[in-house]
Amino acid sequence: MSSPERSRIPLAARWFPLRRRITLTVYLTVLLALAVGLAATAMTQVTRAHFDDLMALEDAFAAVRSYRTGVDSMQFDAHRFVASNHASGADQVTRTYAALRQSLSDCLERRCAGTGSGERLALLLEHLDGFNDAFSEAVEQRLALVDAIDTQFASALSRVRNLLPDTGELAPDAPGAEAFYAIRQHVQSIENATGALLYTADVLPYGDLMAEFDGARSALAQLHDTAPMHFRAELEAALAALEDVQAKLLQRSRAYLFLVNVVMAADAHEMQVLADRLEQQIAQSIDQARDRIEHTLERYSVALILLLLCGSLIVLVTGRIMAHGVTEQIRALTRTFTELTAGSEAPITFRSPHNDEIGELTRAAIRFRDANAEIHDLLRRYQALNESLESKIAERTRALENSNRELERLANTDRLTGVYNRRALSDALDHELARCRRYDRPCSMLFLDVDHFKRINDRYGHEVGDRILVAIAREVSKVLRVNDMFGRWGGEEFLVLNPETGGEGMEYFAERIRRHVAAIDFAPVGHVTLSIGIAQFSCGDTVSTLVERADKALYRAKAEGRNRCVLAPAPAAAPASRKMAEPKNG
Amino acid sequence: MQCAACAPAVAAFPAIIRARDTGPTLRVLGTHATLHEPIREQAERDLGIRIEFEPGGSARVLLRAATEPSSFDLYEQWSDSIRVLWRAGTIQPIDVRRLTHWGEINSLSKTGRITPEAPTGAGDVPNTILYVQPDGSLGATPRARISFLPYVHNVDSFGYDSRVIPPGEPYREESWGWLLDPAYAGRVALVNAPSIGVFDLALAARARGLMDFADIGAMTREEIDALFEVAIAYKLDGHFRAFWRSVPQSAALMRSGDVAIESMFSPAAAMLRADGVPCLYAAPKEGYRAWHGVMCLSRACRGEREELAYAYMNWWLSGWPGAYIARQGYYISNPERSRPFMAEHEWDYWYRGLPAERPLAGPDGRIVARPGETRRGGAYVERFSHIAVWNTIMPTYDLSVRRWSELVLA
């Protein structure tokens, strides 16, 4: 198979058999559908994963917000306890702390707020613990403070008070009454300031308290001449004990206030800041996650559309190639069979490289073509036979015609001279005279006779005589016109039939013949002359009458001396014949 | 250098074992600034006694010291706690005649001036609360009994991240006012201690011309209120990022980038530099906030414990501890005694303010100064010649504590 033939096979047909081509197209379509389905599923999965991340972040955001709220409420409850001594505040702080700690630890363990937030969460937890520790200690110290006030301070205070005389019993003008009043007043101020430690969270400036004690002591000094020595010593000792207790209370309250105002405050502040930052960080992460989802969706959508487009294109192109492979082959087969039906015996260029349905059809076409070739061969052989027969028949016919023509020529020709014989001349005369009669056309006849031929024969023999006759026939033929008919009538007599010629022309023509012949030297005889009788056709003439008249004119010419031309008179008027030329001896 | 100190202890080896087994344990209450495990171990080795360190937060240890004298033998803290403790009566006077190196203690602790020309600074200058006067009060007049053993001291300022804030020239450009510069809003931190932080705020407010004080070391109630109004206004504008409660926290804040400038203790600056953060520990033109460490003897410390306490106090001034704390940037009151315990280049860097010849390691072995680096603020004498104020518990302290939470939570 040559390469141009090969190139006529569609690519698809070269690669796959028919059934596989169809299957392949279907497979490709199914494959495309599967790919699109898979891509869509992947897109859903990825988006869902991103969405889960986003949801986790939203949860974390809510959690961090709840930490913030928890921190605020802890601080508020702590403040309630510190400022208003609400025991429920302390309980609430403990509860909020426990809940917050649990939630924070969980979040830290689960990395709920995403990577990067762990450090802040840990710090938040640290400060939560710090705050709670400080608060627990503050509660403890406050209880200790209350206890110290209720027991140590109260007893030291009552010891001082018990030593002082009752105000009701003391007359205003009694000795030392003023000093006692002053001491009582200072003690009262000290008691008030101490009580305030618990409720106002304010500490009376140390100097002020010292002033109260100093005031009490100087009032006591005023009693030196009114009160007994041991009483004064006892009161002074009681005041010193009270001052000692008071100093301790002051230290405790300072430590307590430091915890509340400095330690707890800083932890609370740090927690707020950390929660704030965490919130911002997570909000940022949420924004990023949203962006990511948006971008992912966008990318996947584009990819899916591209996949669909490219896939469809591939399926379309493949489908077209496959379909083209099928239709092209079917079209070629149709063409082939049409040609075969028309009797084509051209070689089947169509080929199928596979043993498929097309292949079967191809083989059928080849068988068809072989049958065609066989029939054509038979036909050709028959035609060849026929043609040889026909040519033989034509040949025979031609041979027969030639024979006929020769026969006819022989029948009309004088053997000796080769000009028409008497039979041909008679037929021609019949024919010509009939024509002249029918169309009233002129016609003349010359009757020629060799002068003294008998003497030639006698003197030179018949052979020479015959040669002379042949030569005369030849010479006369030279002078004849196209339509003139010339023949040997018999012996040494010749006849010339001149159609369409009459009168003067006839005579002139006869004279030309006579002169031409007379001028020639016929060896060995020498000059030979002719006597010519001329007869012109007239209406009543038949062949015999015309010949007769010509013969009569010839006779006259002979009679008038030979070597001359004599015109026969018309039959009715019978005009006298005229001498045409000078008589000559012959 | 350790062996110089251990030589006598090694010689007395059997006695040490006995002492450890039978003798009382010395209980030292204090803060993380000086209660370091290497110091305790070294002291135990050198003295052959058992020592227990109980470090804690300033407020807590002060409360313990002020209310439970029987729970400790020695108390190490800052000079600003002396008035409280002395008033509380929980510490007893120290007899200078029992202090081996008393004579070596320099003029800063004894007179308040490192040189005769140096200014003393405002607030409780150490010598004014050092000597126990005949009437039981504390005063500047030299006496044989003192309220505390002068030992560790330093000057504090603020640290700043030189990547964020362009470095200023020490004593000329660096200013406390930077702490309140709105340009650094949101990236400023303060120490969470009213007795210290209030001075940082006051120095900053005065440097920026926001207010002035009759005596910055003894602010009146009105001045305190005015100062807090200023600070709270800043806080409301989001100026302060944090109020730190420990040195590691202050370092973490700057390391994370949250904070660019903050009141700072020198070990934090050393930690940051070791971590590669170019933190500069400023030498403010207004002067430093100085502090003086105090070692106090519990009123309840008697007999054998008292002997141990005096031995420990004498050990502290014997050289090794001074060299140890020099490496974290602190000074000792008798520096010459510590000099043999330090390499020449260490002494030059820490005390003389000369460029480091080779990398210098801190107490934890991490490099805190690279070759060519100099200590900001210069030599010991130069730095202590620029004192603005001493850490002090002012009469208005309680008010500042109450207002502190207002500031922090504003």
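The values are calculated or read from the model by the stated rules, or taken from the named source; none is laboratory data. This one's a predicted model, so the numbers in the text were calculated from it and none came from an experiment. Every residue, glycine as well, gets a Cβ built from its backbone with ideal geometry; the counts of neighbours run over all protein chains shown.
Filter the stretch B:353-378 down to residues that are crowded, with 17+ Cβ neighbours inside 10 Å, without any contact (Cβ under 8 Å) to a residue 60 or more places away in the chain and closer than 24 Å to B:Glu174 by Cα, then give me how many there are.
Here the count works out to 3.
Which number in (1) part of a helix (DSSP H, G or I); (2) away from chain B (no Cβ under 12 Å); (3) buried (at least 17 other Cβ atoms within 10 Å of the Cβ); (4) at pLDDT below 85 marks the one condition that A:Ala289 misses?
(4)
Within 14 Å of chain A (Cβ to nearest Cβ), assigned to a helix (DSSP H, G or I), at pLDDT below 90 and buried (at least 19 other Cβ atoms within 10 Å of the Cβ): does that describe B:Arg87?
The answer is no for B:Arg87.
Do we have any residue at all in the stretch A:390-412 that's touching a helix residue (DSSP H, G or I) at 6+ places or on another chain (Cβ under 9 Å), of a type in the set (A, V, I, L, M, F, W, C), surrounded by 10 or more Cβ atoms within 10 Å (Cβ to Cβ) and not in a loop (DSSP other than H, G, I, E, B)?
Yes.
Mind listing whichever residues of the stretch B:379-401 are under 22 Å from B:Met219 (Cα atoms) and surrounded by fewer than 19 Cβ atoms within 10 Å (Cβ to Cβ)?
Of everything in the stretch B:379-401, just one residue is under 22 Å from B:Met219 (Cα atoms) and surrounded by fewer than 19 Cβ atoms within 10 Å (Cβ to Cβ), namely B:Pro395.
What do you reckon, is A:Leu274 at the interface with chain B (Cβ under 10 Å from one of its Cβ atoms), of a type in the set (A, V, I, L, M, F, W, C) and without any contact (Cβ under 8 Å) to a residue 60 or more places away in the chain?
So A:Leu274 fails the test.
Spot the failing condition for A:Phe258; the list is (1) surrounded by fewer than 22 Cβ atoms within 10 Å (Cβ to Cβ); (2) within 30 Å of B:Gly57 (Cβ to Cβ), and only one is missed.
In the conditions (1) surrounded by fewer than 22 Cβ atoms within 10 Å (Cβ to Cβ); (2) within 30 Å of B:Gly57 (Cβ to Cβ), A:Phe258 misses (1) alone.
Restricting attention to the stretch B:68-82, which residues are farther than 11 Å from B:Ala309 by Cβ and of a type in the set (Asp, Glu)?
If the condition is that a residue be farther than 11 Å from B:Ala309 by Cβ and of a type in the set (Asp, Glu), then B:Glu68, B:Glu76, B:Asp80 are the ones that fit.
A:Asp430 - would you say it is modelled with pLDDT under 90 and farther than 17 Å from A:Glu548 by Cα?
No: the conditions fail for A:Asp430.
Restricting the search to the stretch A:312-362, which residues are among the acidic types (Asp, Glu) and assigned to a helix (DSSP H, G or I)?
Hits for the stretch A:312-362 are A:Glu328, A:Glu339, A:Glu357, A:Glu360.
Residues that are assigned by TED's automatic domain parsing to the domain that holds B:Glu68, at least 1 per element: which strands (runs of 3 or more DSSP E) completely within the stretch B:250-345 meet that?
Result: B:288-298.
Kindly establish whether A:Arg455 is assigned to a helix (DSSP H, G or I) and either more than 60 Å from the chain's Cα centre (by Cα) or without any contact (Cβ under 8 Å) to a residue 24 or more places away in the chain (or both).
Yes, satisfied.
In the stretch B:186-230, which residues are within 21 Å of A:Leu257 (Cβ to Cβ), touching a Gly at 6+ places or on another chain (Cβ under 9 Å) and part of a helix (DSSP H, G or I)?
B:Phe199
Checking the structure you have, find out if any residue of the stretch B:92-101 is without any contact (Cβ under 8 Å) to a residue 60 or more places away in the chain and part of a strand (DSSP E or B).
The answer is yes, given that some residue of the stretch B:92-101 is without any contact (Cβ under 8 Å) to a residue 60 or more places away in the chain and part of a strand (DSSP E or B).
Looking at A:Phe76, A:Phe61, A:Phe135, A:Phe131, which one is in contact with a Ser or Thr (Cβ under 9 Å, 6 or more places away or on another chain), among the aromatic types (Phe, Trp, Tyr) and closer than 30 Å to A:Leu249 by Cβ?
The match here is A:Phe135.
When residues of the stretch B:379-407 are filtered for being closer than 14 Å to B:Asp200 by Cβ and within 8 Å of another protein chain (Cβ to nearest Cβ), how many remain?
Here the count works out to 1.
Does at least one position in the stretch B:53-65 carry a residue that is more than 18 Å from B:Arg302 (Cβ to Cβ) and over 21 Å from the mean Cα position of the chain (by Cα)?
no
Find the residue count for the stretch B:21-41, including only residues that are surrounded by fewer than 20 Cβ atoms within 10 Å (Cβ to Cβ) and farther than 22 Å from B:Arg245 by Cα. Give the steps one after another, and end with the answer.
Filtering the stretch B:21-41 down to residues surrounded by fewer than 20 Cβ atoms within 10 Å (Cβ to Cβ) leaves B:21-25, B:31-32, B:35-38, B:40-41.
Filter again for farther than 22 Å from B:Arg245 by Cα, leaving B:21-25, B:38, B:40-41.
Qualifying residue count, the stretch B:21-41: 8.
Pick from the stretch A:230-258 the residues that are within 7 Å of another protein chain (Cβ to nearest Cβ) and of a type in the set (A, V, I, L, M): which of them is farthest from the chain's Cα centre (by Cα)?
A:Ala247
In the stretch A:521-561, which residue that is within 17 Å of A:Leu469 (Cβ to Cβ) and part of a loop (DSSP other than H, G, I, E, B) is modelled with the lowest pLDDT?
Among residues in the stretch A:521-561 that are within 17 Å of A:Leu469 (Cβ to Cβ) and part of a loop (DSSP other than H, G, I, E, B), the one modelled with the lowest pLDDT is A:Ala523.
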